[in-house]
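Trainee: The structure is given below, and queries will be raised subsequently.
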Amino acid sequence: MTVDQNTLRRRGVGLIAHDPERSHGGYTLYTPITSAGEIHLVDIEGRTAHTWNSPHPPGRQAQILPNGNLFYAAKDTSGPTLFPIWDVYHGGIFQELAPDSTVLREARHPFHHHDATVLRNGNLLIAVVEPLAPADAARIRGGIPGSEAPGGVVYGDVVYELTWEGEVVWRWAAIEHLDPERVVLNPHFARNHWPMANTVNERADGSVVVGFRSASTTVSIDRTDGSVQWLIGPDVLAQQHHPHELSGGTVLVFDNGTYRDTTSVPYSRVLELDPRTGEEVWSYEDNPPQNFYSPYMSSAQRLPNGNTFIAEGSFGRLFEVTPDREVVWEFVVPQFRSFGDGVGLESSAGAQNSVFRAYRYGADEIPWL
């Protein structure tokens, strides 16, 4: 018998565990990061419920909109390569897809990366990069010495509100509102991108949450003047993903923990925080903690019954825990695929089932299904 040489796949894929009495139920949406353009929806038993197909590979992820259509942030493979890792995490194409995968509308931006979301007013909120002026680039602290983009360029994060017609109607630049002396790159990250936003989303009051992975920093931005309302930094977070506001005003975030200063053992956790103080309201970690770990990507979602749905993104492990931190559902993404040539990073080698994020939806949120 030939042994499967993929470690993750060999351990088991698909539905691993399910406690129907305590799970919230519903449907799980995920987009394998190495997908050729397939977005998957599975039911609570792990069976395929629906698949969307796009001619474009994922920039990062997809979400179901309130109208039941799919918002898909895809990758424009024809764009420029700004620096080596750019080809891994840039996107550039934003689509609203009908259930039959028909493109209902589309927008593009060549310098988009990581996250994008649809605002309540219908416009797009996206993360992009713009090259910093040389004087500003010289102000950036931390990172790997000499790892700037070609020509010594440092690209800075900018958040745009973009119409579907491509018009920028609001702009916020990190270099104009964050102090590089305080928002410092972790020494393990390249200096080509500061501070590397991986999350943009809207709060209930219209302000914007942005998470910066390479500086282990999350901020809330006042839309009226661009000021920073609160900041949670590396004293709490370590290379986090998907910070977003919950209904009570707290913030839920996946804290990856790759280079956490307080321990020599990397492990991940999910934190619910008071954003004004950074104090912990609720948390999940495994026992022992190193059993739950995703060095990059990943997400967490609070479900209506109080459970928390978690994507351990690097390894395609999706699971649901109760408020008492007990696992009641677990599923491992069965789709494995390689990135192909030209990516050039160790984390992108070989066949993998990783996902940037995953989401759980109730049947009422997918009325056409």
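The values are calculated or read from the model by the stated rules, or taken from the named source; none is laboratory data. Small disclaimer: the values here were computed from a predicted structure and weren't measured. FYI the Cβ positions are ideal-geometry reconstructions off the backbone, even for glycines, and counts take in every protein chain you see. Note: areas computed on protein heavy atoms with side chains; ligands, DNA, RNA excluded. Shrake-Rupley method; radii C 1.70, N 1.55, O 1.52, S 1.80 Å.
Trainee: Report, as a whole number in µm² per second, the diffusion coefficient that Stokes-Einstein gives for the range 160-298 at 25 °C and 0.890 mPa s using the Kirkwood radius over alpha carbon pairs. Intermediate values should be presented prior to the final figure.
Mentor: Working: Rh = 15.6 Å.
D, rounded to a whole number, is 157 µm²/s.
Trainee: Relative to a virtual label point 7 Å from the Cα of R223 in the Cα→beta-carbon direction, which members of the range 120-140 show backbone nitrogen distances below 18 Å?
Mentor: Residues 120-128 fall inside that zone.
Trainee: Additional query: What whole-number value in cubic angstrom gives the convex hull volume per residue for the C-alpha atoms of the range 46-135? Please list the in-between numbers first.
Mentor: Values: hull volume 11.6 nm³, N = 90.
Taking only Cα atoms, the range 46-135 has a hull volume of 129 Å³ per residue.
Trainee: Using Stokes-Einstein with the Kirkwood hydrodynamic radius over Cα pairs, what translational diffusion coefficient do you get for the range 82-236 at 37 °C and a viscosity of 0.692 mPa s, in µm²/s rounded to a whole number? Display every interim value, and only then the final one.
Mentor: Values: Rh = 16.1 Å.
Here the translational diffusion coefficient equals 204 µm²/s.
Trainee: Suppose every Lys and Arg Cβ carries +1 and every Asp and Glu Cβ carries -1, with no other charges. What dipole size does the chain come out with about its Cα centre, to the nearest 20 debye?
Mentor: On the way: 27 positive and 45 negative charges, 133 e Å.
Rounded to the nearest 20 debye, it is 640 debye.
Trainee: Under 15 Å from the Cβ of L8, count the other residues' Cβ atoms, weight Lys and Arg +1, Asp and Glu -1, and hand me the total.
Mentor: Working: positive: R9, R10, R11, R317, R337; negative: D4, E312, E330.
Here the charged neighbours net out to +2.
Trainee: Still on this structure: What full-extension length gain, to one decimal in nm, is calculated for S247 and S283 as 0.36 nm per residue of separation minus the Cα-Cα distance?
Mentor: On the way: separation 36, 0.36 × 36 = 12.96 nm, distance 1.69 nm.
Result for the pair: 11.3 nm of gain on full extension.
Trainee: For the range 31-148, calculate the relative contact order in percent as a whole number, restricting contacts to Cα pairs under 8 Å that are 6 or more residues apart.
Mentor: Numbers: 200 pairs, mean separation 18.9, N = 118.
Relative contact order for the range 31-148 comes out at 16 percent.
Trainee: Turning to a different aspect of this structure: When you have a sec, figure out the Kirkwood radius of the chain from all distinct Cα pair distances and drop it here in Å to one decimal?
Mentor: Working: mean 1/r = 0.0481 Å⁻¹.
Computed over Cα pairs of the chain, the Kirkwood hydrodynamic radius comes out at 20.8 Å.
Trainee: If you bin the C-alpha pair distances of the range 233-335 every 10 Å from 0, what whole percents do you get?
Mentor: Over the range 233-335, the share of Cα pairs per 10 Å bin runs 16, 51, 30, 3, 0 percent.
Trainee: Still on this model: With label points built 7 Å along Cα→Cβ from the Cα atoms of D100 and V3, find their separation and express it in nm.
Mentor: 4.9 nm
Trainee: Using mean Cβ contacts within 10 Å as the protection proxy, how do 80-92, 309-321, 134-146, 185-197 order, highest first? Each step should come with its number before you reach the end.
Mentor: Numbers: 80-92: 18.8, 309-321: 24.8, 134-146: 14.3, 185-197: 22.7.
For the peptides 80-92, 309-321, 134-146, 185-197, the packing ranking is 309-321, 185-197, 80-92, 134-146.
Trainee: Which percent of the Cα-Cα distances in the range 10-56 go past 12 Å? Could you put the intermediate results ahead of the total?
Mentor: Numbers: 727 of 1081 pairs.
Value for the range 10-56: 67 percent of Cα pairs lie more than 12 Å apart.
Trainee: Could you work out the helix-only [θ] at 222 nm for the chain, with each DSSP H run of four or more residues adding -39,500 (n - 2.57) and the total divided by the number of residues, to the nearest 500 deg cm²/dmol?
Mentor: On the way: 4 runs with 17 residues, N = 369.
It lands at -500 deg cm²/dmol.
Trainee: Counting only other residues whose beta carbon sits under 14 Å from that of Q229, what net charge do I get with K and R as +1, D and E as -1?
Mentor: Spelling it out: positives minus negatives among the neighbours equals -3.
Trainee: Same structure, new question: For a label point 7 angstrom out from the Cα of E346 toward its Cβ, which stretches of the range 281-298 have the backbone nitrogen within less than 16 Å?
Mentor: 295-296
Trainee: Rounded to the nearest whole Å², what accessible area per residue is found for the chain with the 1.4 Å probe?
Mentor: Numbers: 14960 Å² over 369 residues.
Per-residue value: 41 Å².
Trainee: Given the options G226, G350, G46, which has the most mean-square fluctuation in a GNM of the chain, springs set between C-alpha atoms less than 10 angstrom apart?
Mentor: Taking springs between Cα atoms under 10 Å, the residue moving most is G350.
Trainee: Label V169 and Y259 with points 7 Å out from Cα along Cα→Cβ: what is the distance between them in nm?
Mentor: For V169 paired with Y259, the spin-label model returns 3.8 nm.
Trainee: Same structure, new question: Counting only protein heavy atoms, what percent of the accessible surface of the chain is carbon or sulfur at a 1.4 Å probe?
Mentor: On the way: 7340 of 14960 Å².
That fraction is 49 percent.
Trainee: For R139 and Q290, what is the calculated FRET efficiency with R₀ set at 30 Å and r taken between the beta-carbons, to the nearest 0.05?
Mentor: Plugging the Cβ-Cβ distance into 1/(1 + (r/R0)^6) gives 0.25.
Trainee: Then there's this: Just to confirm a number: summing +1 for Lys and Arg and -1 for Asp and Glu over residues other than L132 whose beta-carbon lies under 11 angstrom from that of L132, what do you get?
Mentor: Working: positive: R139, R191; negative: E130, D136, E148, D157, E176.
With Lys, Arg at +1 and Asp, Glu at -1, the net is -3.
Trainee: Using the alpha-carbon centroid of each, what span in Å lies between the range 234-256 and the range 1-49?
Mentor: Between the Cα centres of the range 234-256 and the range 1-49 lies a distance of 25 Å.
Trainee: Also, I was wondering about something else. Looking only at Cα atoms, what is the convex hull volume of the range 318-369 per residue, in Å³? Please list the in-between numbers first.
Mentor: Details: hull volume 7.5 nm³, N = 52.
Given the Cα convex hull of the range 318-369, per-residue volume reads 143 Å³.
Trainee: Evaluate the Kirkwood expression for the hydrodynamic radius of the range 1-111, namely the inverse of the mean inverse distance over all pairs of different C-alpha atoms, and round to one decimal in Å. It would help to have the intermediate numbers written out before the result.
Mentor: On the way: mean 1/r = 0.0627 Å⁻¹.
Computed over Cα pairs of the range 1-111, the Kirkwood hydrodynamic radius comes out at 15.9 Å.
Trainee: Another question, then. What trypsin sites (Lys or Arg not before Pro) does the range 35-132 have in DSSP loop regions with at most 15 other beta carbons within 10 Å? Before the final figure, lay out each step's value.
Mentor: Numbers: sites: R47, R60, K75, R105, R108, R120; in loops: R47, R120.
Here the sparse-neighbourhood loop sites are R47, R120.
Trainee: Please report the antiparallel percentage of the DSSP beta bridges confined to the chain, to the nearest 5. Intermediate results must be reported in sequence, preceding the final value.
Mentor: Details: 92 of 95 bridges.
Roughly 95 percent of the beta bridges in the chain run antiparallel, per DSSP.
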